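**Q** First the structure, then my questions, so here it is.
Rule-based calculations on the coordinates, nothing more; no lab input. These numbers come from a predicted model, not from an experiment. For neighbour counting, all protein chains shown are included, and Cβ atoms are generated from backbone atoms with ideal geometry for every residue, glycine included.
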Amino acid sequence: MSDRLMRGPLLHCLAEPDKDAAAVDYRPDALLWLQHGKVYKMGDYESLVHELMPAQLSQVEDCSEYLMVPGFVDCHIHYPQTEMIAAYGTQLLDWLNTYTFPVEAHFKDPLKAAAVAEVFIDQLLTNGTTTALVFCSVHPASVDALFKEAQKHHMRLIAGKVMMDRNAPSEVLDTASTSYLQSKQLIERWHGVDRLQYAVTPRFAPTSTAEQLAAAGRLLAEHKGVYLHTHLAENIDEIKWVKTLFPEAKDYLDVYDQAGLLGKRSVFAHGIHLCDRECERLATSDSAIAHCPTSNLFIGSGLFPMARLQNHGIKIGMGTDVGGGTSFNMLQTLADSYKMQQLQGHNLSPEQSFYLATLGGATALDLDDKIGNFAIGKEADFLLLDPNATDLLKFRTGHCKDWRDLIFVLQTLGDDRVIVQTNIMGIAQ
Ligand code: GUN
Ligand code: ZN
């Protein structure tokens with residue numbers, strides 16, 4: 001029997017709280033009824049209990065001490081950087097040369113890639129991330145290793161081989177033509193297999209020639225449904241460099257636009273320092289930004305102007321950006337986002353934060369028809385959160401007056417200890 005029945009408090013978003021006051025659905029005593037890994041029914045326990053057979057009543061799992069929430073969606077993360085998280089002392093361009101490129105060079109070795117992929121997927125699940133959009137290294141073997149590991153858990157994961165053909169050590173470079181061919185092979189091997197999808201992944205404009213970006217555009221045009229994943233306007237020196245490398249472009253985003261890289265399945269990490277034209281173009285092209293606050297603070301990139309991008313109507317999801325980011329944990333990532341908005345006089349509400357980490361991330365990845373909340377028929381990727389996970393949390397959450405208070409305390413004080421169970425397609429990991 002593939003049914004699973006869980007009873008307890010449940011919270012999810014039906015829409016974006018900043019746009020719709022009725023966006024949040026909180027049920028203090030819900031029944032979550034799963035069949036074949038998907039949400040079969042969800043509602044107040046008292047209104048659904050009469051639909052259960054007597055034998056099913058005894059199978060209902062008591063989750064009254066926990067909060068059931070959708071799994072977290074990480075819209076930007078680098079798996080080869082797992083072992084260099086928390087590297088001291090540099091900003092973006094130095095950080096790439098000093099730490100990132102040397103580490104990524106090792107992913108040529110399939111055994112190394114497989115070993116790190118295992119640690120990486122384990123960290124995602126331990127931290128409640130059930131879907132992620134992931135940078136691999138330039139080596140196709142790194143993609144195979146990650147997808148194989150995700151496949152073991154039946155995870156919904158999007159990833160791709162980095163494309164980079166200049167301005168880095170030779171061990172991490174490809175060429176416009178090899179990157180095209182290798183990416184094409186990987187798309188054919190992996191895109192649409194189980195819950196896996198492929199992202200065409202040029203690292204960022206400074207490490208790709210115009211020829212390589214055009215090859216990325218061809219891959220997108222030739223393979224409907226694949227994603228585009230890259231970095232955009234993260235750091236001031238990076239932006240100056242892009243201007244000198246692409247003097248004919250209107251601005252940074254235009255470099256990607258000219259190569260045909262914008263669209264509903266295009267995700268740009270950071271987007272901190274954008275002009276109005278770039279914001280408008282991101283919105284009209286239905287592209288998304290992955291907001292990565294722990295990374296932006298740690299490598300000193302700047303303060304993400306969330307309200308400004310929201311006013312332009314740009315889709316936003318959360319990214320941990322490990323290893324520029326300093327945590328795999330979405331709660332800690334939201335805590336840094338809140339503080340970053342405080343510094344700019346913007347109150348990021350608890351419910352909008354929760355949305356960004358769940359349904360908002362799913363929408364940024366064009367997956368909101370499949371994941372992001374407990375709507376009937378969606379894939380049952382969800383978490384049990386423990387409000388009493390630590391002594392301090394137990395003491396503090398005992399003083400919370402409502403669910404809004406509770407999720408804000410959990411995001412501010414919580415970490416992986418709060419995530420007591422991560423479920424993929426209804427199965428506890
Ligand atoms: N820009 C280009 N590559 C990277 C990377 O690996 N991390 C971050 N944060 N920014 C980048
Ligand atoms: Zn990144």
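**Q** Note the angle between two axes, namely the Cα long axis of helix 210-222 and the longest principal axis of the Cα atoms of the chain, as a number of degrees from 0 to 90, rounded to the nearest 10.
**A** 40
**Q** Also: With θ taken as phi - 60° and the coefficients 6.51, -1.76 and 1.60, list the Karplus ³J(HN,Hα) couplings across region 269-278 in order, rounded to whole Hz; mark glycine and proline as x.
**A** Values per residue, Gly and Pro as x: 7, 5, x, 7, 10, 10, 8, 4, 4, 5 Hz.
**Q** Another question about this same structure. For region 115-130, just list the computed ³J(HN,Hα) in residue order, Karplus coefficients 6.51, -1.76 and 1.60, θ = phi - 60°, integers in Hz, with x standing in for Gly and Pro.
**A** Each residue's phi maps through the Karplus curve to give 5, 6, 4, 5, 4, 4, 5, 4, 5, 4, 5, 4, 9, x, 8, 9 Hz.
**Q** What FRET efficiency do you get for Lys152 and Asp62 if R0 is 22 Å and r is their Cβ-Cβ distance, rounded to the nearest 0.05?
**A** After rounding to 0.05, the efficiency reads 0.15.
**Q** OK, next. Please list, or write none, the lysines whose alpha carbon is within less than 17 Å of the alpha carbon of Lys38, excluding same-chain residues fewer than 8 places away.
**A** By straight Cα distance, Lys38 reaches Lys370, Lys378.
**Q** At q = 0.14 Å⁻¹, what is the log10 ratio I(q)/I(0) for region 27-182, with the Debye formula run over Cα points and no solvent?
**A** These q points yield log10 I(q)/I(0) values of -0.77.
**Q** Starting from the amide H of Ser287, placed 1.01 Å from N in the peptide plane, find each other amide H under 5 Å away whose residue is 5 or more places distant or on another chain.
**A** Gly263
**Q** Measuring from label point to label point, each 7 Å out along Cα→Cβ, what is the Asp237 to Gln344 span in nm?
**A** That separation, rounded to one decimal, is 2.3 nm.
**Q** Considering only the other residues whose Cβ falls under 13 Å of the Cβ of Ala105, what net charge follows from Lys and Arg at +1 and Asp and Glu at -1? Let's see the in-between values first.
**A** Working: positive: Lys108, Lys112; negative: Glu83, Glu104, Asp109, Glu171, Asp174.
Result for the neighbourhood of Ala105: -3.
**Q** Packing-wise, with mean Cβ within 10 Å as the measure, how do 38-51, 216-229 rank, highest first? Kindly include the intermediate steps, with their values, before the conclusion.
**A** Details: 38-51: 14.9, 216-229: 18.4.
Per-residue Cβ counts within 10 Å, averaged per peptide and sorted highest first, yield 216-229, 38-51.
**Q** Now, a different point. Suppose only helical runs count, i.e. DSSP H with n ≥ 4. What mean residue ellipticity at 222 nm does that imply for the chain under -39500 (n - 2.57) per run, divided by all residues and rounded to the nearest 500 deg cm²/dmol?
**A** Details: 18 runs with 158 residues, N = 429.
The helix-only estimate for the chain comes to -10500 deg cm²/dmol at 222 nm.
**Q** Quick one: helix 140-152 against the long Cα principal axis of the chain, what's the angle to the nearest 10°, folded into 0 to 90?
**A** 10
**Q** In bins 20 Å wide, starting from 0, what share of all Cα pairs of the chain does each bin hold, as a percent?
**A** The calculated distribution, bin by bin, is 28, 57, 15, 0.
**Q** Follow-up question, since we're still on this one. With Cβ to Cβ distances under 11 Å as the rule, what net charge do the other residues near Cys292 carry (K, R +1; D, E -1)? Could you put the intermediate results ahead of the total?
**A** Values: positive: none; negative: Asp74, Glu234, Asp321, Asp336.
With Lys, Arg at +1 and Asp, Glu at -1, the net is -4.
**Q** So for the pair Lys41, Ala283, with labels modelled 7 Å out along Cα→Cβ, what separation do we get in nm?
**A** 4.3
**Q** Note the angle between two axes, namely the Cα long axis of helix 330-342 and the longest principal axis of the Cα atoms of the chain, as a number of degrees from 0 to 90, rounded to the nearest 10.
**A** Once rounded, the angle reads 70 degrees.
**Q** Same structure, new question: Which FRET efficiency, nearest 0.05, do Asp3 and Asn388 yield, Cβ-Cβ r, R0 25 Å? Could you put the intermediate results ahead of the total?
**A** Values: r = 28 Å, r/R0 = 1.14.
Efficiency for this residue pair is about 0.30.
**Q** Just to confirm a number: summing +1 for Lys and Arg and -1 for Asp and Glu over residues other than Ser266 whose beta-carbon lies under 12 angstrom from that of Ser266, what do you get?
**A** Details: positive: Lys264, Arg265, Arg281, Lys315; negative: Asp257, Asp286, Asp366.
Result for the neighbourhood of Ser266: +1.
**Q** Once phi is turned into θ = phi - 60°, what whole-Hz ³J(HN,Hα) does the Karplus curve with 6.51, -1.76 and 1.60 give for every residue of region 411-416, x standing for Gly and Pro?
**A** Working through the residues one at a time gives 6, 7, 9, x, 8, 5 Hz.
**Q** Scan region 67-139 for chymotrypsin sites (Phe, Trp or Tyr not before Pro) in coil per DSSP, keeping those whose Cβ has at most 10 other Cβ atoms within 10 Å, and list them by number.
**A** Tyr88
**Q** What FRET efficiency, computed as 1/(1 + (r/R0)^6) with R0 = 60 Å and r the Cβ-Cβ distance, is obtained for Asp20 and Ser170, rounded to the nearest 0.05?
**A** Values: r = 51 Å, r/R0 = 0.86.
Calculated value: 0.70.
**Q** Oh, and also: How many percent of DSSP beta bridges within the chain run antiparallel, rounded to 5?
**A** So the antiparallel bridges amount to about 45 percent of the total.
**Q** How would you rank 254-262, 270-278, 302-310, 385-393, highest first, on the average number of other Cβ atoms within 10 Å across their residues?
**A** Working: 254-262: 21.1, 270-278: 19.6, 302-310: 18.0, 385-393: 16.4.
Descending mean neighbour count gives 254-262, 270-278, 302-310, 385-393.
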